[in-house]
Amino acid sequence: MLFIIISVAIQMALAIHALKTDRKPAWVLIIAFVPILGGLAYIGVELMPGWLGYRSGQQVQNRIRNQAYPEKDLKDAIASVELADTVRNRMKLAEQYLLREQFQEAKQQYEKCLVGINKTDPALMLGLATADFGLTHYAEVITTLEALKAVNPDFKSSDGHLIYARAQEHVGNIASAINEYEALIKYYPSPEPTCRLALLLKTNGDTARANELFMKVTDYSETAGRQYNYLHHEWVMLAKRETRVA
């Protein structure tokens, strides 16, 4: 009896929260008519990303939503383009393709957007570069991002900076890649560029500097807290493995 009362109270609280925070109306029905599982789904899709922090949380939210509704957002984006063929709608469709790693389809949408007054739009240019990176068109990534920087000198994107550094590495511009990674590790919100720089230095014979960077990631993870280690598990574990080997 107590369990039922608590469950109903939690369902009511979640439903009220969904209404007050302008979530999709369907959430109220899901919470009300799918006891426990509906509430857990709401927490996982809508609330947990906010608890994890906005940037990383949004990535988690996208992954969860795509698993829960694998085709809905894509179908909605396609329908929006069919209803109104606008740059905004095509951009949203391209983003859905990127989330599903359908890079060729994403590239086609970005290319259709990058015309006329939108030819130098930084968000569209970055999207195109991201699609090209997924297609392993690394030289095109570099060309697009350098053009972006030339026409939008005030535009900043840590993710764009990272794929630029990685593209430089892939085409064999090692000195340029190292310089970009060195710049990234000063502000990037995850240990990924630090680990990528360390791996690159190790491959090119600078094991002392590589070990120093791996140790830096490992030491920070010891005091950073559970959330940091959860979000960046892949890179923290890589650094720990490399530290043990060294």
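Within 24 Å of Ile78 (Cα to Cα), modelled with pLDDT of 95 or more, of a type in the set (Ser, Thr, Tyr) and outside the structural domain of Asn173 (by TED's automatic domain parsing): does that describe Thr136? The answer is no for Thr136.
Do we find a residue being within 21 Å of Val236 (Cβ to Cβ), out of contact with any Pro (no Cβ under 7 Å at 6 or more places or on another chain), crowded, with 19+ Cβ neighbours inside 10 Å and not small (Gly, Ala, Ser) anywhere in region 178-191? Yes, region 178-191 contains a residue that is within 21 Å of Val236 (Cβ to Cβ), out of contact with any Pro (no Cβ under 7 Å at 6 or more places or on another chain), crowded, with 19+ Cβ neighbours inside 10 Å and not small (Gly, Ala, Ser). Here Lys202, Lys156 are screened, and the one residue that is assigned to a loop (DSSP other than H, G, I, E, B) and either out of contact with any helix residue (DSSP H, G or I) (no Cβ under 8 Å at 6 or more places or on another chain) or closer than 15 Å to Ala239 by Cβ (or both) is Lys156. Any idea which residue in region 159-194 is farthest from Phe133 (Cα to Cα), counting only those that are aromatic (Phe, Trp, Tyr) and assigned to a loop (DSSP other than H, G, I, E, B)? Among them, the one singled out is Tyr187.
Taking (1) buried (at least 17 other Cβ atoms within 10 Å of the Cβ); (2) over 28 Å from Ser157 (Cβ atoms) in turn, Arg196 satisfies each apart from (2). Restricting attention to region 208-233, the residues that are surrounded by fewer than 19 Cβ atoms within 10 Å (Cβ to Cβ), under 16 Å from Tyr188 (Cα atoms) and touching a residue at least 12 places away in the same chain (Cβ under 8 Å) total 2.
Only one of the numbered conditions (1) farther than 15 Å from Phe133 by Cα; (2) modelled with pLDDT of 95 or more; (3) among the polar types (S, T, N, Q) is violated by Ser80, and that is (2).
Contact map, region 97-112: first residue in contact (Cβ under 8 Å) with a residue 24 or more places away in the chain, second residue in a helix (DSSP H, G or I) and among the aromatic types (Phe, Trp, Tyr), Cβ cut-off under 6 Å, separation 6 or more or different chains; pairs are Ala106/Tyr97.
Name the single residue, out of those in region 167-177 being crowded, with 20+ Cβ neighbours inside 10 Å and of a type outside the set (S, T, N, Q), that is nearest to Ala147 (Cα to Cα). Looking at the filtered set, the residue picked out is Ala167.
The set of residues from region 159-179 being more than 20 Å from Met91 (Cβ to Cβ) and in contact with a Phe, Trp or Tyr (Cβ under 6 Å, 6 or more places away or on another chain) comprises Ala165, Ala167, His170, Val171.
Pairs linking a residue in region 173-187 that is under 16 Å from Ser157 (Cα atoms) to a residue that is among the hydroxyl-bearing types (Ser, Thr, Tyr), with Cβ atoms under 9 Å and 6 or more positions apart or on different chains, are Glu180/Tyr164; Tyr181/Thr194; Leu184/Ser158; Leu184/Thr194; Ile185/Thr194; Tyr187/Ser158. Tallying residues that are closer than 21 Å to His170 by Cβ and within 17 Å of the chain's Cα centre (by Cα) within region 103-124 yields 2. Going through (1) modelled with pLDDT under 95; (2) part of a helix (DSSP H, G or I); (3) within 30 Å of Tyr110 (Cα to Cα) one by one, Gln227 falls short only on (3). For region 131-152, residues that are out of contact with any Phe, Trp or Tyr (no Cβ under 6 Å at 6 or more places or on another chain), farther than 19 Å from Asn173 by Cα and either among the aliphatic types (A, V, I, L, M) or buried (at least 17 other Cβ atoms within 10 Å of the Cβ) (or both) total 3.
The values are calculated or read from the model by the stated rules, or taken from the named source; none is laboratory data. Everything numeric in this text was worked out from a predicted model, so none of it was measured. Note: ideal-geometry Cβ built from the backbone for every residue, glycine included; neighbour counts use all protein chains shown.
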